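A short worksheet on the structure shown next.
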Amino acid sequence: MSADSGPSKPLCNGTSTIEMCNGYCSKPHMPWFGMDIGGTLAKLVYFEPTDVTPDEEELEVETLRTIRRYLTSNVAYGSDGVRDVHLEMKNVKLAGRVGTLHFIRFPTASMKSFIELAKEKKLATLADTICATGGGAYKFEEDFNKEVELALHKLDELQMLIQGINFIDDTYPSECFYWAHPDDEEQCKKVPFDFSDPYPYLVVNIGSGVSIIAVKSQGDYARVSGTR
């Protein structure tokens, strides 16, 4: 981090992301971000700590306060950035901290505006690396380096997807569900899916393209079909 004299660390999302980084990062300083830069949409997840102590708040640098207030006090950013309030996850435990996960999206075509915003908010004074996945992590790597002096630590997209599903189920089990009696309007209802022993199962990931992944275990999965 460029914010202190300690070793440089990437801006990752707590324990789960640290494990995904395969030891690349130790517990990072705030703020914690992660990005998935797809062909059509760029998705950003921000962890807002809710267990900040008075001592931490007193020591918190103004740049960090500015970023937190900007992200959490708005639901729209510029002309096409949106925070999906209905998706936020409260009381999430990450790397020994408790907080809320916020989900923000904007068109990948607006990446230049996001980079300008990161420069305006002086994000590079708090970190030198952001964990990212998706094809855009490669496409915009040079822009982040040149314009904001931030490196993108690129992670495998399928691995992040599978580990993300496991994380959601561990944290918010009701998010994994199916529709019972889908052909009967009166009896149709959403039922939590028992994900305690789901293997094998298929993941159909629909974005700019479609990927179908066969998952045999947490570490045994492969893309078996989809668009090219």
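The values are calculated or read from the model by the stated rules, or taken from the named source; none is laboratory data. Note that this is a predicted model, so its numbers are computed, not measured. Note that we place each Cβ from the backbone using ideal geometry, even for glycine, and neighbour counts take in every protein chain shown. Calculation scope for accessible area: heavy atoms of the full protein, side chains included, ligands and nucleic acids excluded. Shrake-Rupley method; radii C 1.70, N 1.55, O 1.52, S 1.80 Å.
Which value, in Å², gives the accessible area per residue of the stretch 102-225 when a 1.4 Å probe is used on the protein heavy atoms?
It amounts to 60 Å² per residue over the stretch 102-225.
With a cap of 10 neighbouring Cβ atoms within 10 Å, and only residues DSSP puts in a loop, list the trypsin sites (Lys or Arg not before Pro) found in the stretch 149-193.
Counting only loop positions with at most 10 other Cβ atoms within 10 Å, none of the trypsin sites (Lys or Arg not before Pro) in the stretch 149-193 qualifies.
Pull up the cross-link candidates among the lysines for Lys93, meaning alpha carbon to alpha carbon under 25 Å and not fewer than 8 places away within one chain.
Counting by Cα, and skipping residues close in sequence, Lys93 has these lysines nearby: Lys9, Lys27, Lys43, Lys154.
Using the crude model of +1 on Lys and Arg Cβ and -1 on Asp and Glu Cβ, and no other charge, please compute the dipole size for the chain relative to its Cα centre, in debye to 20.
Here the chain has a charge dipole of around 500 debye.
Can you give the FRET efficiency for His86 and Tyr172, using 1/(1 + (r/R0)^6), R0 = 22 Å, r = Cβ-Cβ distance, to the nearest 0.05?
My answer for the efficiency is 0.95.
Along its principal axes, what span do the Cα atoms of the stretch 113-228 show, with the longest given first and each in whole Å?
55, 31, 25
When a/c is below 1.5 the answer is rounded, else prolate if a/b is larger than b/c, else oblate, so apply that to the stretch 170-228 with a ≥ b ≥ c taken from the square roots of the Cα gyration tensor eigenvalues.
Because a/c hits 1.5 or more and a/b fails to exceed b/c, the stretch 170-228 counts as oblate.
Are there GluC sites (Glu not before Pro) in the stretch 134-228 that DSSP puts in a loop and that have at most 12 other Cβ atoms within 10 Å, and which ones?
Sites meeting the loop and neighbour criteria: Glu185, Glu186.
With the chain treated as a Gaussian network of Cα nodes joined by springs under 10 Å, which of Ala137, Ala124, Ala214 yields the largest mean-square fluctuation?
Sorting by GNM fluctuation, first place goes to Ala214.
Which of the aspartates and glutamates could a cross-linker span from Lys139 if the Cα-Cα distance has to be under 20 Å and same-chain partners fewer than 8 positions apart are dropped?
Asp36, Glu116, Asp128, Glu147, Glu149, Asp156, Glu157
Can you pull the three principal axis extents for the Cα set of the chain, in Å, largest first?
The principal-axis extents, from largest down, are 57, 42, 38 Å.
Ordered by packing density, taken as the mean number of other Cβ atoms within 10 Å over each peptide's residues, highest first, how do 76-89, 100-113 rank?
The densest-packed peptide leads the list: 100-113, 76-89.
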